[in-house]
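Colleague: Below is a structure I'd like to ask you about.
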Amino acid sequence: MLKRLIPRLALRNLRSDWFGTLAAVLGVAIGTATVSVVLTLDVNTRAQESRRWETNPTMVEAPSTVGIDPIKRDAQPAVVQDAKEETHEDYQVMRSAIRLGSLSAFLVGALIVFFTFRVVVEQRRREIALLRSLGATPRQVAGIFLLSAMLVGIMGAALGVFFTPPLSAAAAMAGITTTGRSHLYWLFFPWKKIFIVAIVGAFTAVLGVASPLREVLRLDVAKTLRPQFIEGKEGAARRRPRGLTIIAFPMMVLMYVLIRPFFVEVLPSLAFFVAESGLVIAGFLSLLVLVPEVVGAVGGVVARVARVGPAAERLLTVRRIERASHEFSWAVSGIMLVFALLLGLHIVTRSLKSEVVEWGADIIRPNTYVVAMKGLPRVPDSLIGTIPQDVLTVQFSGRTPWPNTLMAVQADQLRVMAKLTNPAAYDAVKELGPGKIVLSHLMARRYGVQPGDALKVTGLTRTATLTVVGISDIGYMPVVGTYRNSKTFGLVDAADYDLLEGYAKPMGGAYAIRLTGPDWFAGPGSRFNQRDLYVEVGRYFEQYRVRETDSDFRIFDVILLLTGILAGLGIANNLVLSAHVRRREIALLRVLGMKTKQVRNLFLMEGVFIGAVGGVMAVVLGIPLGFLSLGALTVISAFEVHFALPPHYVVATILGALVISLASALYPALRASGLSSAESVHYE
């Protein structure tokens with residue numbers, strides 16, 4: 001008989017707790033869909049970029065270009081980086097970061113599932129005791145909740161699979177990829193991986209019910225059926241986590257500080273990023289264990305100090321925070337996770353954009369570049385002659401092909417430009433002449449050389465050993481290609497152009513024009529606006545690079561948007577289940593004279609508390625997360641990024657957490673204020 005009732009009881013439980021069921025299903029669905037969408041975009045991005053040499057240098061075999069061999073002045077061997085591996089290094093790390101970032105949505109969804117089943121099982125303790133007293137075995141009782149969890153997991157996983165194609169298509173149409181270097185015009189779906197993600201998502205629901213069910217099945221039936229109106233201190237104490245777990249996070253931080261230098265020294269860039277990400281994830285999980293302790297320790301203080309809202313509601317909120325802080329920890333964890341990642345992401349993107357702006361301010365912004373394309377060996381002298389005499393022009397040759405990119409330049413003209421740029425740039429190029437070479441920062445890093453070392457350059461007609469006299473990005477020439485590759489170049493004097501002959505256009509193949517006035521040469525009627533000439537205005541090129549940085553990180557915004565939706569859903573679910581568990585308590589308050597508005601204010605104030613504590617904890621976690629991310633970026637990319645924290649980032653993080661939490665509390669507040677007092681006070 002009881003065996004036949006198990007499916008009915010499972011479905012009845014899901015229907016009666018419909019909001020919790022909906023939240024758990026969406027938690028699984030959105031979490032698995034986010035991971036599946038990222039996998040789909042990444043697989044398609046890699047497939048498309050593998051077909052183009054600009055984004056897949058492995059397609060370029062034995063390119064026709066000059067040969068370069070470094071020679072250290074101390075006769076020690078130079079460590080030369082592989083150009084093909086270096087080209088993909090930044091983007092491989094970014095793809096890995098995006099895949100790991102998608103786990104944030106899955107984690108928040110799992111928090112919702114775990115909290116839902118913990119509360120649902122807990123509030124049905126008396127029902128479980130009644131079933132046990134009627135002859136049900138522990139296995140039969142467990143079957144009811146396991147079946148409920150399986151149904152939630154299956155529905156959530158199915159919805160996740162269903163949402164994956166339209167979400168992936170919408171992202172592709174918006175130009176979102178996992179590298180930001182291309183646009184997806186078609187999609188194929190890695191169904192095997194998508195179904196594996198769905199199975200893991202469904203299994204999460206089963207895991208969510210396992211722990212609370214194990215505890216409840218050990219309950220004392222007689223004690224549980226004893227009349228209770230409001231749970232006493234014993235029950236509250238029984239569920240409060242122990243305080244010794246607070247040592248976990250400091251130990252994790254200390255381990256990171258001690259081990260990180262070892263990782264930097266011995267691991268390749270991608271392996272270092274994976275190891276660093278593992279430590280950060282472990283730190284996140286450790287901090288989640290600490291959230292109940294933190295909420296319990298500071299919750300009452302925050303509620304008292306804030307003194308927001310009417311006195312009666314504030315007093316009841318303070319008491320609840322002090323007695324049941326662990327019940328808020330799930331919602332606080334979700335808000336903390338979302339906004340910590342959001343703050344860390346914005347710190348990184350701001351630093352990357354600042355790197356472009358600061359680098360471009362002296363190197364490219366004041367200049368305009370004219371390059372002869374396929375139809376012309378050089379820019380016509382007749383066009384250059386139309387430039388006013390008081391405008392500085394610097395004559396370049398063309399570039400030798402990747403990966404050994406060299407250009408010849410009129411050194412005296414470059415020195416004049418460098419003197420206008422900054423003293424450091426002038427010091428780098430002041431000695432440039434025959435037999436000398438200046439390298440960009442990334443070119444010097446690739447070949448492991450410094451000023452005083454030398455490069456053996458092999459051309460078609462002769463070989464020469466050129467002394468490295470400076471390292472500077474002055475002389476940069478915009479080209480089609482990745483940002484990193486375009487900044488990896490060397491400059492030789494025009495007298496040494498014969499080393500490049502046959503590989504690069506002759507002198508006059510390109511010009512840098514120091515013009516800060518109107519773009520008279522780039523307008524629709526300009527003589528420079530010809531099919532065979534490429535004209536690039538420096539400040540427009542700088543703006544394009546800044547937009548490209550935003551495009552590279554747009555997929556993180558999508559991931560965090562979905563994670564934010566889940567966090568809001570988790571808060572609403574937390575407060576709705578709280579209202580259901582506390583219905584007799586709320587009824588008693590109503591009988592004692594509390595008005596509907598006051599009941600509503602209780603839940604709104606709890607939502608504000610969740611947002612405030614979650615937002616503050618997000619700031620505390622997001623700042624070091626951004627700092628560590630920039631440290632990793634410096635190691636793997638060699639870009640000049642610096643940590644900076646504008647004050648409005650902190651304010652926006654806390655306000656954003658408050659807004660989402662307050663909005664998520666509206667429905668639970670309305671639902672709690674509409675509970676029937678007579679029905680709630682009724683015992684059994």
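Colleague: Out of all the residues in the stretch 204-218, which are at pLDDT 80 or above, in contact with a Phe, Trp or Tyr (Cβ under 7 Å, 6 or more places away or on another chain) and not hydrophobic (A, V, I, L, M, F, W, C)?
Modeller: Matches in the stretch 204-218: G208 only.
Colleague: How many of the residues in the stretch 403-427 are assigned to a loop (DSSP other than H, G, I, E, B) and β-branched (V, I, T)?
Modeller: 1
Colleague: Determine which single condition Y649 fails, assuming it passes every other condition in (1) in a helix (DSSP H, G or I); (2) touching a residue at least 24 places away in the same chain (Cβ under 8 Å); (3) of a type in the set (F, W, Y); (4) more than 25 Å from S329 (Cα to Cα).
Modeller: (4)
Colleague: Which residue out of T563, T596 is within 21 Å of L167 (Cβ to Cβ) and out of contact with any Pro (no Cβ under 8 Å at 6 or more places or on another chain)?
Modeller: Working: T596 fails: within 21 Å of L167 (Cβ to Cβ).
Every option except T563 fails the conditions.
Colleague: Within the stretch 309-334, restricting attention to residues that are aliphatic (A, V, I, L, M) and over 30 Å from L560 (Cα atoms), which residue is modelled with the highest pLDDT? So that I can check it myself, show each step before the final result.
Modeller: From the stretch 309-334, those aliphatic (A, V, I, L, M) are 311-312, 315-316, 318, 321, 324, 331-332; that's our starting set.
Remaining after also requiring over 30 Å from L560 (Cα atoms): 311-312, 315-316, 318.
On the way: A311: 69, A312: 69, L315: 73, L316: 76, V318: 73.
Applying the filter and picking the extreme gives L316.
Colleague: Taking helices (runs of 4 or more DSSP H) that fall entirely within the stretch 538-610, which contain at least 3 residues that are aliphatic (A, V, I, L, M) and surrounded by fewer than 23 Cβ atoms within 10 Å (Cβ to Cβ)?
Modeller: Details: elements: 538-552, 554-581, 583-591.
Qualifying helices (runs of 4 or more DSSP H): 554-581, 583-591.
Colleague: Among (1) touching a Pro at 6+ places or on another chain (Cβ under 9 Å); (2) part of a loop (DSSP other than H, G, I, E, B), there is one condition L147 misses while meeting the rest; what is its number?
Modeller: Of everything listed in (1) touching a Pro at 6+ places or on another chain (Cβ under 9 Å); (2) part of a loop (DSSP other than H, G, I, E, B), L147 misses just condition (2).
Colleague: Additional query: Tell me yes or no: at least one residue of the stretch 351-373 is in contact (Cβ under 8 Å) with a residue 24 or more places away in the chain, of a type in the set (G, A, S) and assigned to a strand (DSSP E or B).
Modeller: yes
Colleague: Going through the stretch 467-493 one residue at a time, which ones are within 21 Å of D69 (Cα to Cα), of a type in the set (S, T, N, Q) and at pLDDT below 85?
Modeller: Filtering the stretch 467-493 down to residues within 21 Å of D69 (Cα to Cα) leaves 467-473, 484-493.
When the remaining residues are screened for being of a type in the set (S, T, N, Q), the result is 467, 472, 485-486, 488.
The answer is N485, S486.
Colleague: What are the residues in the stretch 426-436 that are surrounded by fewer than 19 Cβ atoms within 10 Å (Cβ to Cβ) and without any contact (Cβ under 8 Å) to a residue 60 or more places away in the chain, if any?
Modeller: We begin by selecting, within the stretch 426-436, every residue surrounded by fewer than 19 Cβ atoms within 10 Å (Cβ to Cβ); these are 427, 430-431, 433-435.
Answer for the stretch 426-436, where residues must be surrounded by fewer than 19 Cβ atoms within 10 Å (Cβ to Cβ) and without any contact (Cβ under 8 Å) to a residue 60 or more places away in the chain: D427, K430, E431.
Colleague: Of S96, S102, which residue is modelled with pLDDT under 80, hydroxyl-bearing (S, T, Y), touching a helix residue (DSSP H, G or I) at 6+ places or on another chain (Cβ under 9 Å) and outside the structural domain of V469 (by TED's automatic domain parsing)?
Modeller: Details: S102 fails: modelled with pLDDT under 80.
So the residue among S96, S102 that is modelled with pLDDT under 80, hydroxyl-bearing (S, T, Y), touching a helix residue (DSSP H, G or I) at 6+ places or on another chain (Cβ under 9 Å) and outside the structural domain of V469 (by TED's automatic domain parsing) is S96.
Colleague: Another question, if that's okay. Checking T393 against (1) over 39 Å from the mean Cα position of the chain (by Cα); (2) under 30 Å from G611 (Cα atoms); (3) among the hydroxyl-bearing types (S, T, Y), which test does it fail?
Modeller: (2)
Colleague: Residue check, W359 against (1) surrounded by fewer than 23 Cβ atoms within 10 Å (Cβ to Cβ); (2) assigned by TED's automatic domain parsing to the domain that holds D496; (3) not hydroxyl-bearing (S, T, Y), all met but one. Which one?
Modeller: Going through the list (1) surrounded by fewer than 23 Cβ atoms within 10 Å (Cβ to Cβ); (2) assigned by TED's automatic domain parsing to the domain that holds D496; (3) not hydroxyl-bearing (S, T, Y), W359 breaks only (2).
Colleague: Can you find a residue that is without any contact (Cβ under 8 Å) to a residue 12 or more places away in the chain and over 35 Å from the mean Cα position of the chain (by Cα) anywhere in the stretch 437-452?
Modeller: Just the residues of the stretch 437-452 that are without any contact (Cβ under 8 Å) to a residue 12 or more places away in the chain, to begin with: none.
The answer is no, given that none of the residues of the stretch 437-452 is without any contact (Cβ under 8 Å) to a residue 12 or more places away in the chain and over 35 Å from the mean Cα position of the chain (by Cα).
Colleague: Quick one: which residue in T65, T34, T40, T55 is crowded, with 16+ Cβ neighbours inside 10 Å, assigned to a loop (DSSP other than H, G, I, E, B), in contact with a Ser or Thr (Cβ under 7 Å, 6 or more places away or on another chain) and at pLDDT 85 or above? Working first, answer last.
Modeller: Values: T34 fails: assigned to a loop (DSSP other than H, G, I, E, B); T40 fails: assigned to a loop (DSSP other than H, G, I, E, B); T55 fails: at pLDDT 85 or above.
Checking each option against the conditions leaves just T65.
Colleague: Okay, next question. Here are I610, I586: which of them is out of contact with any Phe, Trp or Tyr (no Cβ under 9 Å at 6 or more places or on another chain) and either at negative phi or without any contact (Cβ under 8 Å) to a residue 40 or more places away in the chain (or both)?
Modeller: Details: I610 fails: out of contact with any Phe, Trp or Tyr (no Cβ under 9 Å at 6 or more places or on another chain).
Among I610, I586, only I586 is out of contact with any Phe, Trp or Tyr (no Cβ under 9 Å at 6 or more places or on another chain) and either at negative phi or without any contact (Cβ under 8 Å) to a residue 40 or more places away in the chain (or both).
The values are calculated or read from the model by the stated rules, or taken from the named source; none is laboratory data. Since this is a predicted model, take the numbers as computed values, not measurements. Cβ atoms come from the backbone with ideal geometry, glycine included; neighbour counts cover every protein chain shown.
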